[in-house]
Every structure is written in structure tokens, then in C-alpha cells.
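Colleague: Following this message is one structure expressed as C-alpha cells.
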Amino acid sequence: MSPDPKDSITPTPRERELMMLIARGLQNKNIAYELKISENTVRAHIGNIMRKYRLQNRTQIAIIYALKSAPLSLRRDLTRSRANPAAVKPAQALAQNPRVPTAPE
């Protein structure tokens, strides 16, 4: 499996700051206030981030930020699980144990 090109892209300090505020759920006007820049500049930064990472919406920006900010051990675990999906699929697991335990009646 080839490495994801998004993994090798590094955001600038300002982009990282903006991505963090997006991940916190702030609107453009609040981000502009926090960073002491205009809303147009915020939109320009968001457009640059979306082009740089080939994203389509703010949610994807938040996800990229969260993944890049995650501790290295967690990122390794996520990469490992992506490379080696679970050996048993949900349908196979259900076939092996068809009775799902329920709360006592």
C-alpha cells in the first residue's frame, strides 16, 4: 500500500492554527476575531488548505487536523489497522456466534 500523499504535506503554523479553530467548531467570523484577520483572509486560508490537501469541506479539515495532532502511537495504530483490516468480517463473526446476548428479562 503506497503512502497517502496527504501524510507528507506539512501545514504552515498559520494553517495549523486555523485548522485547530475549525476543528473546535468556530465559524469564519469567530476565527477572524481570534486571529485578528479579516473573514476574507480566513476564507482564503481555508481555500488554500482545501487545495493543498484536496479536501472538500470543513469537516475534512478538522479530521486532517485531528489526525496530524494525534500522538504518534495512535497514528501508528490507525495506519496499521488501515493496512491490515480485521481478519473476521462482521457477517462472519455473526455466523460464528449467532446469538447476541441481551439484558436479563
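Colleague: In this structure, does GLN56 turn out to be loosely packed, with under 10 Cβ neighbours inside 10 Å, under 15 Å from ILE22 (Cβ atoms), in contact with a helix residue (DSSP H, G or I) (Cβ under 8 Å, 6 or more places away or on another chain) and modelled with pLDDT of 80 or more? Before the answer, list the steps.
Modeller: On the way: loosely packed, with under 10 Cβ neighbours inside 10 Å: yes; under 15 Å from ILE22 (Cβ atoms): yes; in contact with a helix residue (DSSP H, G or I) (Cβ under 8 Å, 6 or more places away or on another chain): yes; modelled with pLDDT of 80 or more: yes.
So GLN56 passes the test.
Colleague: Now for a separate question. Output the residues belonging to segment 22-53 that are surrounded by 12 or more Cβ atoms within 10 Å (Cβ to Cβ), among the polar types (S, T, N, Q) and assigned to a helix (DSSP H, G or I).
Modeller: Within segment 22-53, ASN28, ASN30, THR41, ASN48 meet the criteria.
Colleague: With (1) in contact (Cβ under 8 Å) with a residue 24 or more places away in the chain; (2) surrounded by fewer than 16 Cβ atoms within 10 Å (Cβ to Cβ); (3) in contact with an Asp or Glu (Cβ under 8 Å, 6 or more places away or on another chain) as the list, and ARG14 as the residue in question, which single condition is left unmet?
Modeller: (3)
The values are calculated or read from the model by the stated rules, or taken from the named source; none is laboratory data. Please read these numbers as outputs of a predicted model, since none were measured by experiment. Reconstructed Cβ throughout: ideal geometry from the backbone, glycine too, with neighbour counts over all protein chains shown.
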